[in-house]
Amino acid sequence: MSDIFTRYGDGSPTRMSKEDIRFDLEEGTQDAADRGKIPALTEAELDRLFEICTMPEKAVTVERGDEVIVSFDAGTLKLPVRAGVPMDRSAAILTHERAFCSDTMELGHVDYSYKQLKAIIHEECQAMEHIQLNTIIPVFYGAMPNLGLYTKPDGPIENWSELLPLAKIDEAKAAQEEAMEHAVKDIVYVASRMYESGADGINFDTVGASGDADVLATLKAAEILKEKYPDIAIEFGMAGEFVLGMHGELYYDGTRLAGLYPHQQVKMAEKAGAAIFGAVINTNSSMSFAWNIARAVTFVKACTEAASIPVHVNVGMGVGAIPVTNTPPVDAVSRADKALVEIGKADGL
Amino acid sequence: MSLEDIIAEARETILQCDQARAVAVAERAVAQGFDPVQVLSEGFSYGIRQMGDLFGRGEVFLPQLILSSEVMKSAVAILDAAIQGGTPQAKAKMVIATVEGDVHDIGKGIVVSLLKTQGIEVYDLGRDVPTVKIIEKALEVEADIIGTSALLTTTLMGQKKLEDELRKNGLRDRFKTMVGGAPATQRWADRIGADAYAEDAAEAVTKALALLGK
């Protein structure tokens with residue numbers, strides 16, 4: 001049969017002709033190039049991507065010597081919470097170190113936002129100290145900046161998502177600016193305590209989930225932490241492929257944050273003191289894996305070329321060409337990983 | 001000024017969020033006797049869909065999108081009056097909600113803003129809304145369309161539940177249904193029997209108008 005087994009972005013299995021796969025690869029790279037105003041993949045890169053997409057094996061891997069580091073977000077939420085395996089966080093980290101051979105791991109709480117962690121910081125410090133005594137791999141502490149939590153009813157500030165549809169634009173912008181001040185304080189407080197408790201690094205996960213103000217708060221917090229602890233390793237994992245302009249007029253180092261794509265975002269993270277950048281490229285659930293991976297690789301290639309720090313591409317459900325399914329299928333995951341590393345030149349995943 | 005010029009300027013006023021100019025263009029179109037429906041659909045509505053596309057690419061930002069929808073509303077008010085000859089006409093009604101168990105509603109909020117610019121009366125029930133409440137509201141307001149959003153693969157089934165409940169209660173033919181959200185696709189819409197799927201806010205407007213036969 002000349003048709004190739006592949007999937008759509010929602011994980012649905014399908015078969016496509018080689019011609020259709022090639023067509024989608026070309027469309028995908030062009031879409032990324034148009035949106036990001038970056039170069040499309042070359043013919044040689046598309047040829048290689050086509051080979052990866054059409055390899056007959058169920059799972060594929062990188063060539064020897066191209067192995068990369070893996071880092072995590074929501075690290076200790078994966079086995080005990082999402083997979084429902086009855087183990088504590090310490091056991092989850094040891095399982096990653098000793099059974100999965102993970103290069104690094106992340107300690108995180110189920111209330112995975114810096115704001116929520118203030119109240120239980122003493123418990124988190126104790127957990128980190130205990131884990132550091134038992135592990136060899138670097139263990140990060142991670143959570144989300146999650147600016148939305150500062151709005152009513154969860155916080156003291158008016159909700160800009162409610163103000164904006166009412167066309168109360170100035171009020172919505174002021175609310176975001178106020179929330180940033182709270183977030184910076186909380187992030188710096190929690191990250192400082194965890195770093196002093198032995199964390200090998202601090203992970204900011206889903207930066208920008210609440211828009212450009214969320215990004216600016218994180219950049220400012222990173223700057224403060226870097227000044228306070230010059231050796232701190234900060235990982236900056238983004239929420240989406242471009243910074244959502246909920247405010248639209250926020251600048252960092254003279255650059256407007258809203259609308260920045262990964263190759264531009266990484267420069268902001270670098271300036272703020274990040275050591276690792278977690279690029280995110282959204283998966284379109286309606287499009288084919290070929291279309292999504294060509295797009296993801298195009299963005300990642302531009303990002304790694306622009307970056308001076310390692311780029312660890314997010315390859316979880318719904319990002320990095322991984323299908324939007326609870327348990328992403330290995331055929332798509334392994335092909336996405338291979339392509340992002342070999343063609344996108346990702347430093348890690 | 002020709003109809004083509006009016007249409008081009010109408011689009012521009014939306015893209016530039018220029019309320020005073022939009023009102024002036026709408027008034028000029030009416031005064032010159034141009035078809036208000038054509039000015040609305042090919043001019044202002046086209047402009048708002050372009051804004052939606054630009055927002056989806058990160059080239060315009062939410063405050064601009066909201067401003068442009070306010071500009072659109074001003075123009076629609078003038079053109080609507082001309083279309084109806086001063087007689088109020090029943091508006092199409094749509095009930096929209098994020099399904100039960102799902103608290104994500106940024107995207108839905110944008111869809112609501114754009115739908116309102118098209119003169120559709122939108123009842124936004126918010127997020128984490130049980131199916132039964134959606135149906136109750138749709139019956140209460142005699143909605144034409146029910147739209148549901150889901151961001152999570154785990155809550156996507158809420159959209160199927162709505163279709164099942166509508167069928168079970170003999171109500172399926174009373175409403176058109178639309179689905180959206182990251183894990184939703186046209187394939188999903190076909191599978192559960194929804195009438196339409198929209199990938200983003202701009203497409204939601206196009207599909208809603210198509211369902212309403214406009």
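The values are calculated or read from the model by the stated rules, or taken from the named source; none is laboratory data. Note that the structure is predicted; figures quoted are calculated from it, not measured. So basically every Cβ, Gly included, is an ideal-geometry build from the backbone, and we count neighbours across all protein chains shown. Heads up: the accessible areas ignore ligands, DNA and RNA and are worked out on the full protein's heavy atoms, side chains in. Shrake-Rupley method; radii C 1.70, N 1.55, O 1.52, S 1.80 Å.
Entry remark, region A:189-231: residues being part of a loop (DSSP other than H, G, I, E, B) and within 20 Å of the chain's Cα centre (by Cα) number 6 in total. I'd like to check something: does region A:259-271 contain any residue that is open to solvent by less than 10 Å² (accessible area, probe 1.4 Å) and either on the phi > 0 side of the Ramachandran plot or more than 17 Å from the chain's Cα centre (by Cα) (or both)? Looking through region A:259-271, none of the residues is open to solvent by less than 10 Å² (accessible area, probe 1.4 Å) and either on the phi > 0 side of the Ramachandran plot or more than 17 Å from the chain's Cα centre (by Cα) (or both).
When the criteria are applied in full, B:LYS133 fails the requirement of being away from chain A (no Cβ under 14 Å), of a type outside the set (Val, Ile, Thr) and closer than 30 Å to B:ALA75 by Cα.
Residues in region A:269-284 that are out of contact with any helix residue (DSSP H, G or I) (no Cβ under 8 Å at 6 or more places or on another chain) and under 12 Å from A:GLY9 (Cβ atoms): A:ASN282 only.
How about region A:1-44: which of its residues are acidic (Asp, Glu), open to solvent by less than 70 Å² (accessible area, probe 1.4 Å) and within 14 Å of another protein chain (Cβ to nearest Cβ)?
Within region A:1-44, A:ASP10, A:ASP31 meet the criteria.
Where helices (runs of 4 or more DSSP H) fall wholly inside region B:6-94, the ranges with 2 or more residues that are within 18 Å of B:ILE120 (Cα to Cα) are B:45-56, B:62-84. Somewhere in region B:171-194, is a residue closer than 19 Å to B:GLY52 by Cα, under 13 Å from the mean Cα position of the chain (by Cα) and within 14 Å of another protein chain (Cβ to nearest Cβ)? Yes, the conditions are met somewhere in region B:171-194. Report, by residue number, each residue of region B:100-138 that is surrounded by 18 or more Cβ atoms within 10 Å (Cβ to Cβ), at pLDDT 85 or above, aliphatic (A, V, I, L, M) and not in a loop (DSSP other than H, G, I, E, B). Within region B:100-138, B:VAL111, B:VAL112, B:LEU115, B:VAL122, B:VAL129, B:ILE134, B:ILE135, B:ALA138 meet the criteria.
Remark: pairs (first residue in region A:326-345, farther than 18 Å from A:GLY11 by Cβ; second residue polar (S, T, N, Q); Cβ separation under 6 Å; 6+ apart in sequence or on different chains) = A:LYS345/A:THR304.
Answer with yes or no whether B:ASP80 is open to solvent by less than 50 Å² (accessible area, probe 1.4 Å) and touching a Pro at 6+ places or on another chain (Cβ under 9 Å).
Spelling it out, B:ASP80 is indeed open to solvent by less than 50 Å² (accessible area, probe 1.4 Å) and touching a Pro at 6+ places or on another chain (Cβ under 9 Å).
Report, by residue number, each residue of region B:43-65 that is touching a residue at least 12 places away in the same chain (Cβ under 8 Å), facing chain A (nearest Cβ under 8 Å) and over 14 Å from B:VAL111 (Cα atoms). Hit for region B:43-65 is B:GLN64, nothing else.
If you check A:ASP231, A:ASP214, A:ASP200, A:ASP170 for being within 14 Å of another protein chain (Cβ to nearest Cβ) and open to solvent by 40 Å² or more (accessible area, probe 1.4 Å), only one passes: A:ASP170.
Residue check: B:ILE145 meets all listed conditions (1) buried (at least 20 other Cβ atoms within 10 Å of the Cβ); (2) more than 10 Å from chain A (Cβ to nearest Cβ); (3) free of Cβ contacts under 8 Å to residues at least 60 places away in the same chain but one, namely (3).
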